[in-house]
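Peer 1: Structure incoming, see below.
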Protein chains: 2
Amino acid sequence: MGRGRVQLKRIENKINRQVTFSKRRSGLLKKAHEISVLCDADVGLIVFSTKGKLFEYATDSCMERILERYEQYSYAERKLTSPNLESPGSWSLEYAKLKARMEVLQRNQRHYMGEDLDSLRLKELQSLEHQLDTSLKHIRTRKDKALQEQNNLLAKKLKEKEKEPAMNQWEQVQNHELNSPSFGLTQPLSSMNMISDIYQSVGENTSNGGNEATPNQQIPSSNTVMPQWMMPHMDN
Amino acid sequence: MGRGRVQLKRIENKINRQVTFSKRRSGLLKKAHEISVLCDADVGLIVFSTKGKLFEYATDSCMERILERYEQYSYAERKLTSPNLESPGSWSLEYAKLKARMEVLQRNQRHYMGEDLDSLRLKELQSLEHQLDTSLKHIRTRKDKALQEQNNLLAKKLKEKEKEPAMNQWEQVQNHELNSPSFGLTQPLSSMNMISDIYQSVGENTSNGGNEATPNQQIPSSNTVMPQWMMPHMDN
DNA sequence: CCGTCTATATATAAGCG
DNA sequence: TCGCTTATATATAGACG
């Protein structure tokens, strides 16, 4: 953008690189802010210059919120760094980090339990609602499946029992042991009424455009060319 | 950029907002990638759509590394939180305990997100379902309350604005000015918020200001209209 | 939702003080 | 480094399939 075209490769001239960095950085921050406002998106942007200086932008000036939210997605799966390092100083740092993440998780958990909601903003409440709604669907589906299996199993047992009513209990057990997974755990028929619950969740919003399969978009690294998925089109 | 100028305010039309989001998002990711390559910078970009979907870009596809680095900046500031235990051996013990609790929490979190359900038994599923159902009720109640409050606030603001239509743009902004709760790292990002957006309209479209109210305010850095956060940085 | 096209608005590479 | 100007390269709003 400017007098000359530019190759997507590291700018060798140190001066130019610094100048370009400065200009593009502000452009990037500006655009981050714009999309945040225009599209009501939550944005977090972190930039380290070559020299290691930090620049950042975050919607509502609160990077913490963004990062917490981000970690929810990767369910804070970030590697629990093994502290097998000997450097004594690193222990307190590692401990502090872990503790901080712990607190984040605890807070999240309270939120998932519908507690401590006053600390959340509207957007976060909506997001939480949506998340739980989705979770609940998964859970009900899973429960449905579990119940169905058990249902079938019990029906089968009942059927066989009717065939040979003369058998005593011990014999029956022995006969069925091959088929029953984990004998002691089978639930009585009473739990079957739960099935109806599954069908109660009818009018819930499922607003996803069928594209929800990917939880996040992974960017492949590339030192020269723009990944194609990122390029709308490269004609003109 | 395009057929018409655009005001820096939330796009009300849902369709347009979504389309713009999609376009700008790829633009933003592209630029993040470009500055990363051209200027040899480390970039981490996180974007949540209104609906809560996550998009991200990270130099070398490793957000983790970026966040790690970011946190070093943060935690360097508040390392004081750690327990003041002196015995060297106790550190590893404390760390292990914390880690164990952490893992429990992580597993719970996954369950709350409707993941990893295979490890749950029927009773646990039912319990989880019940818990989430209850949570959802609380959350929806809280959300409704928040919405109501916001409505009231906006109505009040609108009313006040109608009372004093004489003020010019800057005076209004300055009147609303508060100290931004600068997040306290290298860059004291002043915040920018919805309210200021109302006044940023260049004087064309006077569409309704269906906007949210956030306490912090944009700080005019000079006689330019450029927000402070994007002003050139004076560094070494 | 995704891709295309076109007119315009913006971003920015270079050059200069 | 810093600002400012200018010529161009890009990004993208709006419309359509």
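Throughout, read-outs are computed from the coordinates displayed, never taken from laboratory work. A quick note: this is a predicted structure, and the numbers were derived from the prediction, not measured. Reconstructed Cβ throughout: ideal geometry from the backbone, glycine too, with neighbour counts over all protein chains shown.
Peer 1: If you count, for every residue in B:54-60, the Cβ atoms of partner chains within 10 Å of its Cβ, what is the mean?
Peer 2: 6
Peer 1: Another question, if that's okay. Let me confirm one metric for peptide B:14-25, namely the mean number of other chain beta-carbon atoms within 10 Å of its residues' beta-carbons.
Peer 2: Average neighbour count from other chains, rounded to a whole number: 3.
Peer 1: Also: Would you list A:156, B:99 from fewest to most Cβ contacts within 10 Å?
Peer 2: A:156, B:99
Peer 1: Right, something else. Taking neighbour Cβ counts within 10 Å as the exposure measure, how do B:162, B:129 sort from fewest upward?
Peer 2: In increasing order of surrounding Cβ atoms, one gets B:162, B:129.
Peer 1: Give the average, rounded to an integer, of partner chain Cβ atoms located within 10 angstrom of each Cβ in A:119-129.
Peer 2: Mean partner-chain Cβ count within 10 Å for A:119-129: 5.
Peer 1: Okay, moving on. Within 12 Å, Cβ to Cβ, of residue B:95, how many net charges do the neighbouring residues add up to if Lys/Arg are +1 and Asp/Glu are -1?
Peer 2: Around residue B:95, the charge tally is +3.
Peer 1: Here are some pairs, A:31/B:156; B:51/B:143; A:97/B:99; A:99/B:53; which of them have Cα atoms lying more than 22 Å apart in this structure?
Peer 2: A:31/B:156; A:99/B:53
Peer 1: A follow-up question, please. Just rank A:19, B:43, fewest to most, by other beta-carbon atoms within 10 angstrom.
Peer 2: Ordered by Cβ neighbours within 10 Å, fewest first: A:19, B:43.
Peer 1: May I ask you to report, in nm to one decimal and beginning with the shortest, the distances from residue A:18 to the same position in the other copies, taking label points 7 Å along Cα-to-Cβ?
Peer 2: 4.7
Peer 1: Could you pull the copy-to-copy label distances for residue B:5, with points set 7 Å along Cα to Cβ, in nm to one decimal and sorted shortest first?
Peer 2: 3.3
Peer 1: A further question on this structure: Treating the point 7 Å from Cα along Cα-beta-carbon as the label, what are the nm separations from residue B:73 to the other copies, to one decimal?
Peer 2: From this label point to the equivalent ones elsewhere in the assembly: 2.0 nm.
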